[in-house]
Each structure stands twice: as structure tokens, then as C-alpha cells.
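See below for the structure under consideration.
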């Protein structure tokens, strides 16, 4: 502070992550691959005035693997 007194400033962070992967056989030669994940992060910071921020992130992907026609 301007008068030389100490003040407390802190940061509290919490994070949660989860994910999953799957491969599904769709036919004799086709495979579907799936991926997904989610993240949540919460942060609280400040001294006299507390500020809280929560962020959510989601991700998803799908891929199909299949051979083309034979030549």
C-alpha cells in the first residue's frame, strides 16, 4: 500500500481434465476413431477485492479410415 503497510494478494487455481478415445470397426475394412476431452479451470485472485474466473474447454474429433477402391 502507499503508506507502507503490508497487504495480502493470493492466487487459488483448480483444474480438472478428462478425456476418452474410442475405435469402432464399422465393416470388414472401415474403422471410426473418436477422441474427446474436457477441461475446467477456476482461478480466484486478489486482496480486498476477490476476482473469480472459470474457463471451460471442450474438444472433439472423429476420423474415418477406409481403404479406397482396389485398382
Q: Being modelled with pLDDT under 95 and surrounded by 10 or more Cβ atoms within 10 Å (Cβ to Cβ) narrows it down to one of 30, 2, 62, so name that one.
A: 30
Q.
Tell me the residue from 47, 42 that is touching a strand residue (DSSP E or B) at 6+ places or on another chain (Cβ under 8 Å), surrounded by 10 or more Cβ atoms within 10 Å (Cβ to Cβ) and modelled with pLDDT under 90, please.
A. 47
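The values are calculated or read from the model by the stated rules, or taken from the named source; none is laboratory data. Note that the coordinates shown come from a computational prediction; the quantities given were computed from them, not determined experimentally. Every residue, glycine as well, gets a Cβ built from its backbone with ideal geometry; the counts of neighbours run over all protein chains shown.
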